[in-house]
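Q: Have a look at the structure that comes next, please.
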């Protein structure tokens, strides 16, 4: 885990999260650690905090339904770390620019969190926490990759009325957020859920509120597994 020096101007409400991620062992932050030995694909996502009209917020995208990987899912901007990238921070910023038009010069990277293992995809993901020091206009740059871009207030994510758990046909049950016409679930929801706790923004909510994943969401996930199996 790499925590960068906190620059001046980072708001007070973000300080508890930065203290938490620098003061906890990696396994206490996120339990899904990549397997030893390497050989897996590496990626990075930009966990970008800003201050918008609705207060402190997070930047999320909705991936296009036509994509082969995580089709139709809300996510953080990000993607694979390319050979020309100078590590996870550079990859996360590059991908965010490619997906949303975000101006990287206005973003202050604050911490690289330990890699999180996505077993179904065989990918390790480094969440890069950043502060949107100078916000820029964002929107989908390519409809074939991104169908929507949203700045979602932390207050909406923490609102108990927007929180639930979802059940996948495989039996997996995990946290989810119903916000801004988005159903945030899976890896992204797990990260958001943990960050709300670490940042002190979480509110009590009904963990017994469990819903089945919508069939269209399940169908996209099944298509991805089938295509991966064909190419294996």
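Q: If we keep just the residues of segment 142-154 that are under 30 Å from residue 13 (Cβ atoms) and touching a helix residue (DSSP H, G or I) at 6+ places or on another chain (Cβ under 7 Å), which is modelled with the lowest pLDDT?
A: 146
Q: Right, another one. Of all residues in segment 140-156, count the ones that are crowded, with 16+ Cβ neighbours inside 10 Å and either assigned to a helix (DSSP H, G or I) or on the phi > 0 side of the Ramachandran plot (or both).
A: Of the residues in segment 140-156, 2 are crowded, with 16+ Cβ neighbours inside 10 Å and either assigned to a helix (DSSP H, G or I) or on the phi > 0 side of the Ramachandran plot (or both).
Q: Follow-up question, since we're still on this one. Residue by residue through segment 160-192, note down the ones that are in a helix (DSSP H, G or I) and surrounded by 21 or more Cβ atoms within 10 Å (Cβ to Cβ).
A: 186, 187, 188, 189, 191, 192
Q: Within segment 201-215, is there a residue that is over 17 Å from the mean Cα position of the chain (by Cα), assigned to a strand (DSSP E or B) and at pLDDT 95 or above?
A: The answer is yes, given that some residue of segment 201-215 is over 17 Å from the mean Cα position of the chain (by Cα), assigned to a strand (DSSP E or B) and at pLDDT 95 or above.
Q: For segment 67-116, enumerate the residues that are closer than 23 Å to residue 33 by Cα, in contact (Cβ under 8 Å) with a residue 60 or more places away in the chain and not in a loop (DSSP other than H, G, I, E, B).
A: 74, 75, 109, 110, 111, 112, 116
Q: Just to verify a result, which residue in segment 77-92, among those that are in contact with a helix residue (DSSP H, G or I) (Cβ under 7 Å, 6 or more places away or on another chain) and under 17 Å from residue 62 (Cα atoms), is surrounded by the fewest Cβ atoms within 10 Å (Cβ to Cβ)?
A: Filtering segment 77-92 for residues that are in contact with a helix residue (DSSP H, G or I) (Cβ under 7 Å, 6 or more places away or on another chain) and under 17 Å from residue 62 (Cα atoms), the one surrounded by the fewest Cβ atoms within 10 Å (Cβ to Cβ) comes out as 79.
Q: Considering only residues that are under 22 Å from residue 17 (Cβ atoms) and modelled with pLDDT under 95, which ones fall in segment 160-174?
A: Within segment 160-174, 174 is the sole residue that qualifies.
Q: Also, I was wondering about something else. Can you tell me which residue within segment 130-139, out of those that are touching a helix residue (DSSP H, G or I) at 6+ places or on another chain (Cβ under 7 Å) and surrounded by 17 or more Cβ atoms within 10 Å (Cβ to Cβ), is nearest to residue 96 (Cα to Cα)?
A: 138
Q: Looking only at segment 155-178, count every residue that is closer than 20 Å to residue 199 by Cβ, in contact with a helix residue (DSSP H, G or I) (Cβ under 7 Å, 6 or more places away or on another chain) and in contact (Cβ under 8 Å) with a residue 40 or more places away in the chain and tell me the total.
A: Qualifying residue count, segment 155-178: 3.
Q: Please go through segment 1-18 and give me each residue that is surrounded by 15 or more Cβ atoms within 10 Å (Cβ to Cβ), at pLDDT 65 or above and out of contact with any helix residue (DSSP H, G or I) (no Cβ under 7 Å at 6 or more places or on another chain), ordered by number.
A: 10, 13, 14, 18
Q: Among all residue pairs at least 6 apart or on different chains, which show Cβ distances below 7 Å where the first residue, located in segment 37-61, is surrounded by 17 or more Cβ atoms within 10 Å (Cβ to Cβ) and the second is modelled with pLDDT under 90 and outside any strand (DSSP E or B)?
A: Close Cβ pairs satisfying both conditions: none exist.
Q: Might you let me know whether segment 157-173 holds any residue that is touching a strand residue (DSSP E or B) at 6+ places or on another chain (Cβ under 6 Å) and at positive phi?
A: no
Q: So, residue 123, is that one at pLDDT 95 or above, closer than 22 Å to residue 195 by Cα and in contact with a strand residue (DSSP E or B) (Cβ under 6 Å, 6 or more places away or on another chain) or not?
A: no
The values are calculated or read from the model by the stated rules, or taken from the named source; none is laboratory data. Keep in mind that this is a model prediction, so the values were computed, not measured. Positions of Cβ are generated from backbone atoms using ideal geometry, with glycine treated the same way; all protein chains shown enter the neighbour counts.
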